[in-house]
Amino acid sequence: MHITSLPSPYGIGTMGKEAYEFVDFLEAAGQSFWQILPLGQTGFGDSPYQSCSTFAGNPYLIDLDTLKKEGYLTKKEITSVTWGTKEDRIDFGGLYEKRYPVLRKAFKRFARHIPEDYDAFCWSQGQWLEDYALFMAIKAENNGASWDCWERGLRLREPEIIAEAKKRLGAEMFFWKMLQYFFFRQWRELKTYANKKGIRIIGDLPIYVARDSADTWANPELFDLDEEGIPTEVAGCPPDAFTAKGQLWGNPLFRWRRMREDGYAWWINRVRRTQEFFDVIRIDHFRGFDAYYCVPYGHEDAVHGYWRKGPGLELFRTLRNALGDVDIIAEDLGFLTPSVRKMLRESGYPGMRVLQFAFGGDPCSEYLPQNYVGNCIAYTGTHDNHTVKGWVKTLTPEERERAAAYIRLNRKEGWCWSMMRAIWSSVADTAIVTMQDLLELPGDARMNEPSTLGKNWMWRARPGYLTKELAEKLHQTMEMYRRLPEQNSLPEEASGAPVPLGERLTPESSGLPQQEAPAKPTEETEILMEQ
């Protein structure tokens, strides 16, 4: 349940009252985790996976009522704006036009009375905040144009031009810094509240960053960009049974060899900042660290791409040495090679099992609950899948019959609860369902359909969606399947006893050798990464 999907009077879910009510619901329902999408400021296609900064928070999530209580906004300034006509959909275009003018009114009051902890915040986030604020200020000056369209001196960060821009745009930079101050403070308070209620936050870390981002602009040497800042190759996925031309994501690729030279410092900083947001980090496209798909820049599809070797376990050893044990979930969906499976096994990280993928007819499918292992996270579906009700309509008669028989479809209770019971009753240590499935919503409540634009990330729950009856039913079901927080440990002699996420990633259990520096790459890895 992403924060944007929460109800609110202001066009999009925020870190306000409705978020706290959702935490209360999770506690009453006997839950332990709240999984959300990336919190970054959205960019192209309104996707949280295409953010203008991997470090910054999304200003849309700043709660306006909280700013009103703190004296930064008036009630009239908030309510005089029409925030959208559909309470179950987000109008991103309207938000882009209307949200920032309201936040600029808060900025005028903020600038007159700067909080005492503002300077400390800026100092603590200094590794990225200055570049981000300057990037957003220049972007605003250029009517939102991508940085590769700026004048050459700004695009290539020529020192004299950058110094002049900082002087010229100082007030605008201050505005973007203020937004991050508000975001971090509100998020810290919400996360603290959730943790005190026994709810841990699972959040996403996309493997790639957006081309039009402060990350690529400020660190071009870390990405496959030419001297003018244009990508030479971009990320994607090869053609498969679902996409005849593959998926062309368009993200710039990492220069892994260059990143290794400074001990993966950028990645260490990135994961450290992500730990400030989340208790558990789901790393998207985990297989891309073993080998990643490259598409020459300028191609219209991903048909003519090729694979290159990634950093593998070396990166995760380095992260552990620098940051200690980090709770990580590996998004290991899709076609996996033996080397990817080996990397996942040796990392010790739990992978994902999506029940919607289970009914193609293969009895050995790892997505069938009978084949689950304890160290995995089971899902009915993810944000990239249909709702269960929408998915059922896409099945062939044979698949539908097979799925109904397997999950022992309870016609009275329906597909959603029968599917959820199938993963709750499995041996998976953790089982996660989408709010759409819990509410038994049809296919138009789907969050995202990959490789499409213009209709994604918009779903919102309607006011009143959380009921006492639903919380009680969910709590009773958790008790039945021994998934209440106080039930999450079995006697030591019990076979397959679940292991809490926070206790999995020890050097001994993960199989990772303990070391103080990245392991020396093999000759084969050197050659592959250089190629």
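Let's test the formula: R0 of 56 Å, r as the Cβ-Cβ distance of N371 and R89. What FRET efficiency results, to the nearest 0.05?
Values: r = 38 Å, r/R0 = 0.68.
It comes to 0.90.
Of all beta bridges DSSP finds with both residues in the chain, what is the antiparallel percent, to the nearest 5? Can you show the working numbers first?
Details: 14 of 31 bridges.
Approximately 45 percent, going by the DSSP bridge assignments.
Which one of N371, G30, G361 is farthest out on the positive end of the charge dipole of the chain, using unit charges on Cβ (Lys, Arg +1; Asp, Glu -1) and the Cα centre as origin?
Checking the options against the dipole of the chain, the answer is G30.
Grab the other residues whose beta carbon is less than 12 angstrom from that of R152, score K and R as +1, D and E as -1, and report the net.
Details: positive: R155, R157; negative: D148, E151, E158, E227, E228.
Net local charge, R152 excluded: -3.
Sort T14, T54, T467 from largest to smallest accessible area, using a 1.4 Å probe on the heavy atoms of the protein chains.
Values: T14 5, T54 35, T467 55 Å².
Per-residue accessible area, sorted high to low, gives T467, T54, T14.
Please label the shape of the chain as rounded, prolate or oblate, based on the square roots a ≥ b ≥ c of the eigenvalues of the alpha-carbon gyration tensor (a/c under 1.5 means rounded; beyond that, a/b larger than b/c means prolate, else oblate).
Details: a/c = 1.57, a/b = 1.17, b/c = 1.34.
Oblate is the answer for the chain, as a/c is 1.5 or above yet b/c matches or exceeds a/b.
If I model a spin label at R157 and C364 as a point 7 Å from the Cα along the Cα→Cβ vector, what separation in nanometres do I get?
In this crude label model, R157 to C364 measures out at 5.0 nm.
Under the Karplus relation 6.51 cos²θ - 1.76 cosθ + 1.60, θ = phi - 60°, what is the ordered set of whole-Hz ³J(HN,Hα) values for segment 10-19, x standing for Gly and Pro?
Couplings: 10, x, 7, x, 9, 8, x, 3, 5, 5 Hz.
Measuring with a 1.4 Å probe in the full set of protein chains, what accessible area per residue, in whole Å², belongs to segment 250-391?
Numbers: 4940 Å² over 142 residues.
Dividing the accessible area of segment 250-391 by its residue count gives 35 Å².
For the pairs K197/K468; K75/K468; K309/K342, flag any whose C-alpha to C-alpha distance is greater than 19 Å. Can you show the working numbers first?
Values: K197/K468 17 Å; K75/K468 31 Å; K309/K342 14 Å.
Beyond 19 Å: K75/K468.
Output wanted: per-residue J couplings in Hz (rounded whole) for segment 423-438, from phi through Karplus 6.51 cos²θ - 1.76 cosθ + 1.60, θ = phi - 60°, x for Gly and Pro.
8, 5, 8, 7, 7, 4, 4, 10, 10, 10, 10, 7, 4, 4, 6, 4
Hey, how many Å between the Cα centroid of segment 192-245 and the Cα centroid of segment 376-427?
First find each Cα centre; the distance between them is then 30 Å.
Using a basic spin-label model with each label point 7 Å from the Cα along Cα→Cβ, how many nm lie between Y406 and V303?
So the label points at Y406 and V303 sit 3.3 nm apart.
For segment 313-404, which chymotrypsin sites (Phe, Trp or Tyr not before Pro) are in a loop by DSSP, counting at most 10 other Cβ atoms within 10 Å? Can you show the working numbers first?
Numbers: sites: F316, F335, F357, F359, Y367, Y372, Y379, W391; in loops: F335, F359, Y367, Y372.
Loop-located and lightly packed - F335.
With θ taken as phi - 60° and the coefficients 6.51, -1.76 and 1.60, list the Karplus ³J(HN,Hα) couplings across segment 219-234 in order, rounded to whole Hz; mark glycine and proline as x.
Working through the residues one at a time gives 9, x, 5, 8, 10, 6, 10, 7, 5, 9, x, 8, x, 8, 9, 9 Hz.
Please work out whether segment 23-175 counts as rounded, prolate or oblate from its C-alpha gyration tensor, where a ≥ b ≥ c are the square roots of the eigenvalues and a/c under 1.5 means rounded, while otherwise a/b larger than b/c means prolate and anything else oblate? All intermediate terms of the calculation are to be shown ahead of the outcome.
On the way: a/c = 1.60, a/b = 1.47, b/c = 1.08.
Prolate is the answer for segment 23-175, as a/c is 1.5 or above and a/b outweighs b/c.
Tally up the carbon and sulfur contribution to the accessible surface of segment 109-193 as a whole percent, 1.4 Å probe, everything protein left in place.
On the way: 2200 of 4230 Å².
Its accessible area is 52 percent carbon and sulfur atoms.
How far, in nm, would the chain grow between A120 and A171 when pulled straight, counting 0.36 nm per residue and subtracting the alpha carbon separation? Write out the running numbers ahead of the final one.
Numbers: separation 51, 0.36 × 51 = 18.36 nm, distance 1.87 nm.
Going from the current span to full extension adds 16.5 nm.
Between N251 and residues 5 or more places away or on another chain, which pairs have amide H atoms under 5 Å apart, with H built 1.01 Å from N, and which residues are they?
Answer set, sorted by chain and number: A235.
Where only protein heavy atoms count, and the probe is 1.4 Å, what is the accessible area per residue for segment 29-89 in Å²? Please list the in-between numbers first.
Working: 2400 Å² over 61 residues.
About 39 Å² of surface per residue is accessible.
Expressed as a whole percentage, what fraction of the accessible surface of segment 7-62 belongs to carbon and sulfur atoms when a 1.4 Å probe is rolled over the protein heavy atoms? Show your work: numbers first, answer last.
Numbers: 780 of 1410 Å².
Taking all protein chains in place, segment 7-62 shows 55 percent carbon and sulfur surface.
Can you figure out the FRET efficiency of K473 with K197, using R₀ = 25 Å and their beta-carbon distance, to the nearest 0.05? Write down the numbers at each step before the final one.
Numbers: r = 19 Å, r/R0 = 0.78.
Computed FRET efficiency for K473 and K197: 0.80.
Considering amide H positions built from the backbone, and no H for Pro or chain starts, which residues 5 or more places from Y379, or on another chain, come under 5 Å of its amide H?
Result for Y379 returns R353, V354, L355, I432.
Can you give the net charge of the other residues whose Cβ lies under 9 Å from the Cβ of A133, counting K and R as +1 and D and E as -1? Please list the in-between numbers first.
On the way: positive: K177; negative: E130, D131, E172.
Here the count lands on -2.
Before rounding to the nearest 500, sum -39500 (n - 2.57) across all DSSP H runs of length at least 4 in the chain and divide by the residue total; then give [θ] at 222 nm in deg cm²/dmol. Before the final figure, lay out the partial values.
Details: 21 runs with 207 residues, N = 531.
So the calculated ellipticity at 222 nm is -11500 deg cm²/dmol.
Pull up the cross-link candidates among the aspartates and glutamates for K167, meaning alpha carbon to alpha carbon under 15 Å and not fewer than 8 places away within one chain.
Hits, sequence-local ones excluded: E130, D131, E141, E158.
Taking only C-alpha pairs under 8 Å that are 6+ residues apart, what is the relative contact order of segment 365-467 in percent? Walk me through the numbers before you get to the answer.
Numbers: 121 pairs, mean separation 40.2, N = 103.
Once normalised by length, the contact order is 39 percent.
Using a ≥ b ≥ c from the Cα gyration tensor of segment 238-335 (square roots of the eigenvalues), is it rounded, prolate or oblate, where a/c under 1.5 gives rounded and otherwise the larger of a/b and b/c decides, a/b for prolate? Each step should come with its number before you reach the end.
Working: a/c = 2.39, a/b = 1.72, b/c = 1.39.
Here segment 238-335 falls in the prolate category.
Give the lysines reachable from K455 as a straight Cα distance under 26 Å; neighbours fewer than 8 places away on the same chain don't count.
Partners within reach: K86, K98, K139, K245, K389, K393.
Which net charge results when you count Lys and Arg as +1 and Asp and Glu as -1 among the other residues whose beta-carbon is under 9 Å from that of E87?
Numbers: positive: K86, R89, R460, R462; negative: D88.
Neighbourhood net charge equals +3.
Counting only C-alpha contacts under 8 Å and six or more residues apart, can you give the relative contact order of segment 354-395 as a whole percent? Don't jump to the answer; show the numbers that get you there.
Values: 31 pairs, mean separation 16.3, N = 42.
Taking the mean separation of contacting Cα pairs over the length of segment 354-395, I get 39 percent.
Calculate the length of the line joining the C-alpha centroid of segment 306-375 to that of segment 76-147, in whole Å.
Between the Cα centre of segment 306-375 and that of segment 76-147, the gap is 37 Å.
Just need the relative contact order of segment 302-354 here, percent rounded to a whole number, with Cα pairs under 8 Å and 6+ apart.
Numbers: 24 pairs, mean separation 20.4, N = 53.
Reported relative contact order: 38 percent.
The values are calculated or read from the model by the stated rules, or taken from the named source; none is laboratory data. What you are looking at is a predicted structure, and each value in this text was computed from that prediction instead of being measured. Positions of Cβ are generated from backbone atoms using ideal geometry, with glycine treated the same way; all protein chains shown enter the neighbour counts. SASA here: full protein model, heavy atoms, side chains in, ligands and nucleic acids out. Shrake-Rupley method; radii C 1.70, N 1.55, O 1.52, S 1.80 Å.
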